[in-house]
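Below is one structure, written out as structure tokens; the observations come after it.
Computed from the coordinates by the stated procedures, all read-outs in this text should not be read as laboratory data. Remember, it's a predicted structure, so these values are computed and weren't measured experimentally. As a convention, Cβ positions derive from the backbone with ideal geometry for all residues, glycine included, and neighbour counts pool all protein chains shown.
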Amino acid sequence: MLFWKKKRVITIGQGRFYCPECRSTNDYLHKKKKTVSFSLSIPFSTEEVHGQYVECSRCKSSFRETVLESSPETARAEFHPSMKRVMILMILADGEINDTEIRSIRDIYEKVTGNPLSEQELAEDIEKARKDACKVDQYLKKVTPYLNKSGKEQVLKSAFYVATSDGLFQADEKALLDEIALALEMIPEHYEDLLKEFIQEKENLPAEGLESTSSLVGSL
């Protein structure tokens, strides 16, 4: 029996949406990936759907369907809490929290958001993170669709600088950073290149450290 399969991508919808990568409202195509099976001996065809995604007509980036719920306000609103929670989870990774790490989180958060983060507010957020059973991969899974490439890199960079604010980059912190990159759906090679870049920047920091560290973390 002559039998073969063919992969296809078909467009099932279109419209306008806010693209997190372009940071603008663009046209999109709603696409579906499937495999169609054919047979000549017995006239039939079947199809197996592998998933759906949204493609920006401008930058050609692909996103989960949940991106259609995104807006400039949503993207910004999701980014800042995500970055703060990831930094908190990073300082909790080794089971110890010191004043340098606390100052680093407050400094980076204010640099990125333009808003101060009080010690009291941060202490409450740390306590919430301790009680919350949601792990970093589960947490980022909720917000990753709303982050563009720059936003993902910013989250990762903030986590790295908090992890190394005490002058050490321990194995459990590196493991958590690996989890963060995976949850952010980063290409492994890109993640490794970013990590090398962060380490190089850190090595080139002058002695004053904290102020210089915040200058390396851009605003969004």
As straight-line cross-link partners of Lys135, the qualifying lysines (C-alpha separation under 18 Å, not fewer than 8 residues apart within one chain) are Lys84, Lys152, Lys174
Among all the aspartates and glutamates, which ones have a C-alpha under 14 Å from Lys60's C-alpha, if same-chain residues fewer than 8 places away are not counted?
-> Glu21, Asp27
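Test of understanding: ordering Met90, Met186 by Cβ neighbours within 10 Å, fewest first, what list do you get?
Numbers: Met90 26, Met186 18.
Fewest to most other Cβ atoms nearby, the residues stand as Met186, Met90.
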Give me the angle, in degrees from 0 to 90, between the Cα long axis of helix 72-92 and the longest principal axis of the Cα atoms of the chain, rounded to the nearest 10.
-> 60 degrees
Enumerate the amide H contacts of Ser61 below 5 Å, restricted to partners 5 or more residues apart or on another chain; note that Pro and chain-start residues carry no placed amide H.
-> Cys56
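Apply the a/c threshold of 1.5 to the C-alpha gyration tensor of the range 148-187 and tell me whether it is rounded, prolate or oblate.
Numbers: a/c = 3.93, a/b = 1.58, b/c = 2.49.
Oblate is the answer for the range 148-187, as a/c is 1.5 or above yet b/c matches or exceeds a/b.
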Using only Cα atoms, tell me the angle between helix 119-131 and the longest principal axis of the chain; keep it within 0 to 90° and round to the nearest 10.
-> 50 degrees
Average projected area of the Cα convex hull of the chain, in nm²?
-> 15.4 nm²
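Sum -39500 (n - 2.57) across every DSSP H segment of at least 4 residues in the chain, then divide by the residue count to get the 222 nm mean residue ellipticity, nearest 500.
Values: 8 runs with 108 residues, N = 220.
Result for the chain: -15500 deg cm²/dmol, rounded to the nearest 500.
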